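The values are calculated or read from the model by the stated rules, or taken from the named source; none is laboratory data. Everything quoted here is computed from the prediction, not taken from an experiment. Glycine also receives a Cβ, built like all others from the backbone with ideal geometry; neighbour counts cover every protein chain displayed.
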Amino acid sequence: MEDPSFFEKVYAVVRLIPFGRVTSYGAIAGYTGSRGSARMVGWAMNASHQYREPLPAHRVVNRNGMLTGKHHFGTPGLMQQLLEQEGAIVEDDRILNFKEMFWDPSRML
DNA sequence: GGTGTGACCAGCT
DNA sequence: AAGCTGGCCACAC
């Protein structure tokens, strides 16, 4: 099998994010390995465009619940739109009910 | 093989 | 209180 790169781990976690839930880069980073490698998670997501299948990257936001990567979706507002479809209240590029929608990969509940 | 970069986070000033 | 700096690890040139 392919070597489970950091990317694969990140992608695996992102795919496991249930509908209507969001998580943070730091949470994934902490789950995959180091806590400080949150940047690697975001960078992995940047490569997600080359991934064989689309990932729910819109469910991954920063610690503040801000849609930092919305610019990478190709269409501005797409990330917010997708989140709103999942019941998220997005305003000013930030999820207001982020606290309620937050999904911890360590719990996987 | 070294340097730079990256959708971040936490701590310090 | 808010702004800035450092740190963290993996990949491309």
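Within the bounds of region A:97-109, is there any residue that is hydroxyl-bearing (Ser, Thr, Tyr), in a loop (DSSP other than H, G, I, E, B), away from DNA strand C (no atom under 16 Å from the Cβ) and more than 21 Å from A:Tyr11 (Cβ to Cβ)?
No, there is no match, as no residue in region A:97-109 is hydroxyl-bearing (Ser, Thr, Tyr), in a loop (DSSP other than H, G, I, E, B), away from DNA strand C (no atom under 16 Å from the Cβ) and more than 21 Å from A:Tyr11 (Cβ to Cβ).
Exactly one residue among A:Phe19, A:Phe7 is of a type in the set (Phe, Trp, Tyr), away from DNA strand B (no atom under 11 Å from the Cβ) and either at pLDDT 90 or above or assigned to a loop (DSSP other than H, G, I, E, B) (or both), and that residue is A:Phe19. Among the residues of region A:39-77, those identified as outside any loop (DSSP other than H, G, I, E, B), within 14 Å of DNA strand C (Cβ to nearest atom), more than 9 Å from the chain's Cα centre (by Cα) and touching a residue at least 24 places away in the same chain (Cβ under 8 Å) are A:Met40, A:Ala44, A:Asn46, A:Ala47, A:Ser48, A:Met66, A:Thr68. Filtered by the rule that a residue be more than 10 Å from DNA strand C (Cβ to nearest atom), touching a Lys or Arg at 6+ places or on another chain (Cβ under 6 Å) and of a type in the set (Ser, Thr, Tyr), region A:16-38 gives a lone residue, A:Ser24. Among the residues of region A:25-38, the ones that are in a helix (DSSP H, G or I) and out of contact with any Ser or Thr (no Cβ under 7 Å at 6 or more places or on another chain) come to 7 in all.
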